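One structure is given below, encoded as structure tokens.
The values are calculated or read from the model by the stated rules, or taken from the named source; none is laboratory data. Keep in mind the model is a prediction, meaning the values are calculated, not measured. Please note: Cβ atoms are built from the backbone with ideal geometry, for glycine as well, and neighbour counts cover all protein chains shown.
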Amino acid sequence: MLADLLEIRTGVTAVIGGGGKTTLLRTLGGELSRDHTVLLCTTTKIFPFPDLPCAGTEEELARLRKRCRLLCAGQEVPGTGGKLTAPPVPMARLAEWFDYVLVEADGSAHRPMKAHAPHEPVIPPEANQTICVVGASGFGRPIRDAAHRPELYARLAEVDERAPITPETEAAVLKAESLHHRLFVNQVDTPENMKTVKQLATLMDGPILAGSLQKGAYFKC
């Protein structure tokens, strides 16, 4: 299971970066809820999961958690087309109510890569691990097109915004920010992407997990 490969622990897990955070939450939630109670939520903004019950108030959350192993929670943000923000219950209490709380703690404007402004990511203090997601579809594309906050990304990588994203630039940004405990590279579904990810792995301090959430295939490198 992906949850085992990422060594997801009970309690609060924060997910940051780009390239598939929401899909990762839903995938992990599906696996973990076979034997445990799981809550999916955010500290920023996220659309509700259409196939899951969603609690918008403390009363709804208290009721749904008694009959659902997997649900989402969040308060609707006016003027966002239905997006949710943080749940109406403190994170510390959510960690007592559920075996696993999976939190999308970052936004990336649908870009596969990201650099973080000073106020980002919004990792709850209760989180016992942070997973950073990188979208392999960003490799080879110009920073200004594939990275959220491209000016910050380029500055950390010490290159121009017009330069392509490479394993070297991505490793430089990840190391400079040092925000994650584990790295998951998503969208790895071609031989070229696999080669690129293996190059990235040689530049990082520890092993990384790569694969395709869409295909359900993963490997360590």
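The table below lists the values:
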{"quantity": "Candidates GLY82, GLY17, filtered to the one that is crowded, with 19+ Cβ neighbours inside 10 Å, farther than 11 Å from TYR100 by Cβ and not β-branched (Val, Ile, Thr)", "calculated": "GLY17"}
{"quantity": "Candidates GLU161, GLU151, filtered to the one that is in contact with a Pro (Cβ under 6 Å, 6 or more places away or on another chain) and over 24 Å from THR85 (Cα atoms)", "calculated": "GLU161"}
{"quantity": "Checklist (1) closer than 20 Å to ILE16 by Cα; (2) within 18 Å of the chain's Cα centre (by Cα); (3) exposed (fewer than 15 other Cβ atoms within 10 Å of the Cβ) applied to ALA217, failing item", "calculated": "(1)"}
{"quantity": "Matching helices (runs of 4 or more DSSP H) fully within region 16-97 where at least 3 residues are without any contact (Cβ under 8 Å) to a residue 24 or more places away in the chain and more than 29 Å from SER178 (Cβ to Cβ)", "calculated": "58-64"}
{"quantity": "Of the criteria (1) surrounded by fewer than 18 Cβ atoms within 10 Å (Cβ to Cβ); (2) in contact (Cβ under 8 Å) with a residue 60 or more places away in the chain; (3) touching a helix residue (DSSP H, G or I) at 6+ places or on another chain (Cβ under 7 Å); (4) aliphatic (A, V, I, L, M), which one MET1 fails", "calculated": "(2)"}
{"quantity": "Residue identified as of a type outside the set (A, V, I, L, M), out of contact with any Ser or Thr (no Cβ under 6 Å at 6 or more places or on another chain) and crowded, with 16+ Cβ neighbours inside 10 Å among GLY211, GLY140", "calculated": "GLY211"}
{"quantity": "One residue from VAL159, VAL134, VAL122, VAL103 being closer than 15 Å to LYS21 by Cβ, of a type in the set (A, V, I, L, M), at pLDDT 95 or above and surrounded by fewer than 20 Cβ atoms within 10 Å (Cβ to Cβ)", "calculated": "VAL122"}
{"quantity": "Selection from region 100-126 of residues that are under 14 Å from PRO150 (Cα atoms) and in a strand (DSSP E or B)", "calculated": "MET113, LYS114"}
{"quantity": "Some residue of region 64-81 being under 21 Å from THR130 (Cβ atoms), modelled with pLDDT under 95 and touching a Ser or Thr at 6+ places or on another chain (Cβ under 8 Å)", "calculated": "no"}
{"quantity": "Residue in region 85-96 that is surrounded by the fewest Cβ atoms within 10 Å (Cβ to Cβ), counting only those that are farther than 16 Å from ASN128 by Cβ and in contact with a Leu (Cβ under 9 Å, 6 or more places away or on another chain)", "calculated": "PRO88"}
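Condition check ((1) touching a residue at least 24 places away in the same chain (Cβ under 8 Å); (2) closer than 29 Å to ARG9 by Cα; (3) surrounded by fewer than 19 Cβ atoms within 10 Å (Cβ to Cβ); (4) over 19 Å from the mean Cα position of the chain (by Cα)) across all residues:
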| residue | (1), (2), (3), (4) |
| --- | --- |
| ARG111 | yes, yes, no, no |
| GLN129 | yes, yes, yes, no |
| ALA163 | no, no, yes, yes |
| SER178 | no, yes, yes, no |
| VAL188 | yes, yes, no, no |
| LEU203 | yes, yes, yes, yes |
